[in-house]
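Undergrad: Quick one: this structure, given as structure tokens, is what I'll be asking you about.
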Amino acid sequence: MNTPTGTPLPRIAKTTLVDEVIAVMRKILREDAWPPGTKLPSEQGLGRQLGVGRSTIREAPRVLDHLGMVESRSGLGTYVLDHGLPDGRLDSFETPEALHALYDFRHMLEVPAARLAAKHRTADQLNAIVTTWRDCGRAAEKHNPIEFARLDYRFHLSIMQASRNHFLAQAYRGLEDAFVNYLNLILGHGPPRSMQHFHDKVILAIKRGDAEAAARAVNQNFRETDARLRLLSNPATPPPHAPTAARRTR
């Protein structure tokens, strides 16, 4: 079977990991073989075309939905979204290991900071968190990933400041340039729209003073990021240094 533009779907071995199926589908989407607005074939149809079972196929659209490349519409099926974003590349970092090291470092800082912010934030600090996230939302609506990355750094820094732990805030201040470059790479694998609901959960937990819910929301965000990192560094292999809590994507 061919795509709407006549491009045949490549068949892959039955032993291929779900990540390879995702990589094949991402390649098709990037090349516009399935243009925005196209309805994807059913799980059974995709499995037949790609030569894999339905259990393998079932995970791929879910991950692609998280990446903002497709959208599942209740009762209607799964549709391709506009995915006109810059490609994520590792050029901004000397090695993949450097990218994963920053990922690990952020994870180590952001989980305890969210817990502490839920316990110790002031009304002014909560307002700063909410206001900065609204600015991020406006950048996402404008499809401006560079501006979104810059404002998202400020959002996370505001949580560090709300933790009332100046060592956490000081450590995070040194990350600004690396953070923006890092997030732009991640956004090359899906628009910021698909990451927003995790941040909303963090804000709600901090507002309610629920430290554990805040930590869970941060870990959810890192699970989302982990899926993008795996596609960025090696489509078939999870990053070797990813935090255990952040690698549970299935």
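Undergrad: For the stretch 34-71, give me the residue count where each residue is without any contact (Cβ under 8 Å) to a residue 60 or more places away in the chain, out of contact with any strand residue (DSSP E or B) (no Cβ under 9 Å at 6 or more places or on another chain) and of a type in the set (Gly, Ala, Ser).
TA: 6
Undergrad: Give all pairs with beta carbons closer than 6 Å in which a residue from the stretch 112-135 that is within 15 Å of Ala217 (Cα to Cα) meets a residue that is outside any helix (DSSP H, G or I); count only pairs at least 6 apart in sequence or on separate chains.
TA: From residues that are within 15 Å of Ala217 (Cα to Cα), the pairs are Ala113/Ser163; Leu116/Ser163; Leu116/Asn165; Ala117/Ser163; Ala118/Gly209; Ala118/Asp210.
Undergrad: The conditions are (1) of a type outside the set (Gly, Ala, Ser); (2) within 23 Å of the chain's Cα centre (by Cα); (3) farther than 22 Å from Asp210 by Cα, and Gln170 fails exactly one of them. Which is it?
TA: Going through (1) of a type outside the set (Gly, Ala, Ser); (2) within 23 Å of the chain's Cα centre (by Cα); (3) farther than 22 Å from Asp210 by Cα one by one, Gln170 breaks only (2).
Undergrad: Can you name the residue in the stretch 31-61 that is part of a loop (DSSP other than H, G, I, E, B) and β-branched (Val, Ile, Thr) and, of all such residues, is modelled with the highest pLDDT?
TA: First, the residues of the stretch 31-61 that are part of a loop (DSSP other than H, G, I, E, B): 31-38, 40-42, 51-53.
With β-branched (Val, Ile, Thr) added as a condition, the list becomes 38, 52.
Working: Thr38: 87, Val52: 83.
Residue satisfying both the conditions and the ranking: Thr38.
Undergrad: Of all residues being aliphatic (A, V, I, L, M) and outside any helix (DSSP H, G or I) in the stretch 62-94, which is modelled with the lowest pLDDT? Just the residue, please. Reasoning before the result, please.
TA: Keep residues of the stretch 62-94 that are aliphatic (A, V, I, L, M), which gives 63-64, 67, 69-70, 76, 80-81, 85, 90.
Checking which are outside any helix (DSSP H, G or I) leaves us with 67, 69-70, 76, 80-81, 85.
Numbers: Leu67: 62, Met69: 74, Val70: 80, Leu76: 84, Val80: 86, Leu81: 77, Leu85: 42.
Selected residue: Leu85.
The values are calculated or read from the model by the stated rules, or taken from the named source; none is laboratory data. Everything numeric here is computed off the predicted structure, so don't read it as measured data. Cβ: placed from backbone, ideal geometry, glycine included. Neighbour counts: every protein chain shown.
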